[in-house]
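Remarks on the structure that follows.
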Amino acid sequence: MNTIARVNSMPTLFDTFFGPSVAARPYITRYTKPAVSTPAVNVKDTESAFLLEVAAPGVKKENFGLSVNQQVLTLTFKNEQTTEENKDAYVRQEFSFQSFERSFRLPKTVNVDGIKATYTDGILTVELPKAEEQKPEVKQIEIA
């Protein structure tokens, strides 16, 4: 009997793919909110700069925004699409909105005035050049 209890407590293959059984759900909704995803970001540290690589295939570069405020780099994306279909006596119109925002605190070694961004083959690359190191100036003081 103990073996049977363990077998019954294991999820079925159906439950693994589709979640708990329909009978166990208190209600079923017809509309599921689409998942909002934030693209993956790679950060590289080179001798002369930090590089951010944002994976965003199929996106127009005009939909991106980049700003820096108090050493915080903010990357935004907004996309609005409208689809309208007229067929026979039916009209269908759908709206699609996608957006995300991601912020990065920049180290003080980044030269904010030299930041550059390019978008090629679905990858947004943001180059954050490092500022030249301020070497302490040695000052000779004459003794009186």
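The values are calculated or read from the model by the stated rules, or taken from the named source; none is laboratory data. The shown structure was predicted, so the numbers you read here are calculated from the model rather than taken from an experiment. Quick reminder, even Gly has a Cβ in these numbers, built from the backbone with ideal geometry, and neighbours come from all protein chains shown. Surface areas here come from the heavy atoms of the whole protein model, side chains and all, with no ligands, DNA or RNA. Shrake-Rupley method; radii C 1.70, N 1.55, O 1.52, S 1.80 Å.
Could you give the size of the charge dipole of the stretch 58-136 about its Cα centre, using +1 on the Cβ of each K and R and -1 on the Cβ of each D and E, expressed in debye and rounded to the nearest 20?
In total the dipole reaches around 400 debye.
Counting only protein heavy atoms and using a 1.4 Å probe, what share of the accessible area of the stretch 82-144 belongs to carbon plus sulfur, as a whole percent?
Looking at the stretch 82-144 in its full context, I get 47 percent from C and S.
I'd like the Karplus ³J(HN,Hα) series for the stretch 139-144: coefficients 6.51, -1.76, 1.60, θ = phi - 60°, whole numbers in Hz, and an x wherever there's a Gly or Pro.
Each residue's phi maps through the Karplus curve to give 10, 8, 10, 7, 8, 8 Hz.
Over the stretch 72-133, what per residue volume does the convex hull of the Cα atoms give, in whole Å³?
94 Å³
Quick one: which residues, 5 or more positions from Asn111 or on another chain, have an amide H under 5 Å from its amide H? H modelled 1.01 Å from N in the peptide plane, none for Pro or chain starts.
It is Lys130, Ala131, by chain and number.
Sorted by average packing, counted as other Cβ atoms within 10 angstrom per residue and highest first, what order do 94-101, 125-132 take?
125-132, 94-101
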